[in-house]
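Have a look at the structure below, then the notes.
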Amino acid sequence: MTTIIDGDRIAGEIRGALEESIGALADHGVTPGLATVLVGDDPASQTYVNMKQRDCEEVGINGIHVDIDGDASPEELYDTIEELNADPEVHGYLVQDPVPEQIDYREVLRRIDPAKDADGFHPENVGRLVAGNARFKPCTPHGIQKLFSEYDIETEGADVTVVGRSDIVGKPMANLLMQKSQGGNATVTVCHSRTENLAEKTRRADVVIAACGVTELIDGSMISEGATVIDVGISRVETDSEKGYELVGDVDFESAKEKAGAITPVPGGVGPMTRAMLLYNTVKAASESEGVPVELP
Ligand code: GUN
């Protein structure tokens, strides 16, 4: 029997535990604050930041949203970043990617106070993660690590193939998996758009993590019997449905499920874990910057 990994359930448990941590912070007069910054009006990004704000409200985090015009100059965005860096009510924040082309996202990341970097994308935090001393783990790879521990999926000694090399998922995922620590100790292969014989690399893996944004690239023929399959992809594909689109992953779920030992669905797999770990980073930032230690899930 293939295990369908229930990200909604595990994310719900993490949110429940975080509510306790938030209660402990409240006893010391601290309410964690998370700000989201959206530049422009990309519909998918709007949906994502709305969901992040709703998550904050549900667990008792003070959610603050800043909308910036899509034509704004980089300096306008930098002013907002300076204000957020200085705002004592904001413990963590993020600038939703992608940003319009007049803005250099790397420069944006450099200006974020690393202690408020809820995504863990600031170069200092990336360096700390690579060095094995992470402050904020990027939310998607961290959420996937939590799924592994919850489902007793062993990474130590496992061959893991990561398909995708993005700064947000592929690179930090590979780094976490190769660390000499719990949830690491894997032998990691990173594949990307220039990889030759992709199927050869996925077929030899105990764990395949698909994070390349190519819909249904990975099918059952590319998976070994009993492997764990983690689908990070979430693309909008236009349909005749009421919503007008359907969410499709990087894995062909039906064929991969026939071979996999465990597999994440889309939606309801990795997505809710990413959102839960953003809340986790916010509570961690609040706890550390306010000097109020709390237990984290
Ligand atoms: N765009 C897609 N995923 C993310 C994310 O995790 N953080 C930010 N800031 N932008 C994104």
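For the pair A115 and V292, the difference between a 0.36 nm per residue extended length and the Cα-Cα distance amounts to 62.2 nm. For C212, C56, the ranking by accessible surface with the largest value first comes to C212, C56, using a 1.4 Å probe. Sequence-distant contacts, meaning Cα pairs under 8 Å at least 6 residues apart, place the relative contact order of segment 84-141 at 27 percent.
In segment 93-234, the inverse of the mean reciprocal separation of distinct Cα atoms equals 15.8 Å; this is its Kirkwood hydrodynamic radius. Apply the Debye scattering formula to the chain, with a single equal point scatterer on each alpha-carbon and no solvent, then give log10 I(q)/I(0) at q = 0.14 Å⁻¹. Evaluating at q = 0.14 Å⁻¹ gives log10 I(q)/I(0) of -1.07.
In the chain, the portion of solvent-accessible area held by carbon and sulfur atoms comes to 45 percent [1.4 Å probe, whole percent, DNA, RNA and ligands not counted].
Rounded if a/c is under 1.5, else prolate if a/b beats b/c, else oblate: with a ≥ b ≥ c from the C-alpha gyration tensor eigenvalues square-rooted, which is segment 1-85? Oblate, since a/c reaches 1.5 and b/c is not below a/b.
With respect to the chain, whose longest principal axis is taken over its alpha-carbon atoms, helix 139-150 is tilted by about 60°.
Taking amide H atoms as placed 1.01 Å from N in the peptide plane, the amide H of Y245 lies under 5 Å from those of T239, each 5 or more residues away in sequence or on another chain. With only Cα atoms counted, segment 111-162 has Rg and Dmax values of 12.9, 39 Å.
Based on protein heavy atoms only, the chain ends up with 47 Å² per residue of surface accessible to a 1.4 Å probe.
Protection proxy ranking for 195-204, 147-156, 258-267, using the average of other Cβ atoms within 10 Å per residue and placing the highest first: 258-267, 147-156, 195-204. Round to a whole angstrom and tell me the spacing of the C-alpha centers of segment 186-248 and segment 72-96. Distance between centres, Cα-based: 35 Å. Taking 27 Å as the limit for the C-alpha separation, the pairs K137/K259; K146/K284; K52/K257; K116/K201 exceed it in the case of K137/K259; K52/K257; K116/K201. What the Cβ-Cβ distance of S224 and Q182 gives, at R0 = 22 Å and to the nearest 0.05, is a FRET efficiency of 0.35.
Is the shape of segment 221-297 best called rounded, prolate or oblate, per the rule: a/c under 1.5 gives rounded, else a/b larger than b/c gives prolate, else oblate, with a ≥ b ≥ c the square roots of the Cα gyration tensor eigenvalues? It comes out oblate by the Cα gyration axes. Given all pairs of different Cα atoms, what value in angstroms does the Kirkwood hydrodynamic radius of segment 168-297 take? For segment 168-297, inverting the mean 1/r across all distinct Cα pairs yields 16.4 Å.
In the chain, Cα pairs under 8 Å separated by at least six residues give a relative contact order of 22 percent. A straight line joining the Cα centroids of segment 1-63 and segment 125-161 runs 20 Å. Relative to the first principal axis of the alpha-carbon coordinates of the chain, what is the inclination of helix 7-26, with its axis defined by its Cα atoms, in degrees from 0 to 90 and to the nearest 10? Roughly 20 degrees between the two axes.
Computed from the C-beta positions of S241 and V214 and an R0 of 25 Å, the FRET efficiency is 0.70 to the nearest 0.05.
Apply the a/c threshold of 1.5 to the C-alpha gyration tensor of segment 41-111 and tell me whether it is rounded, prolate or oblate. Here segment 41-111 falls in the oblate category. Its DSSP H runs of at least 4 residues, each contributing -39,500 (n - 2.57), put the calculated 222 nm mean residue ellipticity of the chain at -12500 deg cm²/dmol, to the nearest 500. Among beta bridges identified by DSSP and lying wholly in the chain, the antiparallel ones come to about 10 percent.
The values are calculated or read from the model by the stated rules, or taken from the named source; none is laboratory data. Predicted, not measured: the structure shown is a model, and the values here were computed from it. Every residue, glycine among them, receives a Cβ derived from its backbone with ideal geometry; neighbour counts consider all protein chains shown. Accessible surface areas use protein heavy atoms only, side chains included; no ligands, DNA or RNA. Shrake-Rupley method; radii C 1.70, N 1.55, O 1.52, S 1.80 Å.
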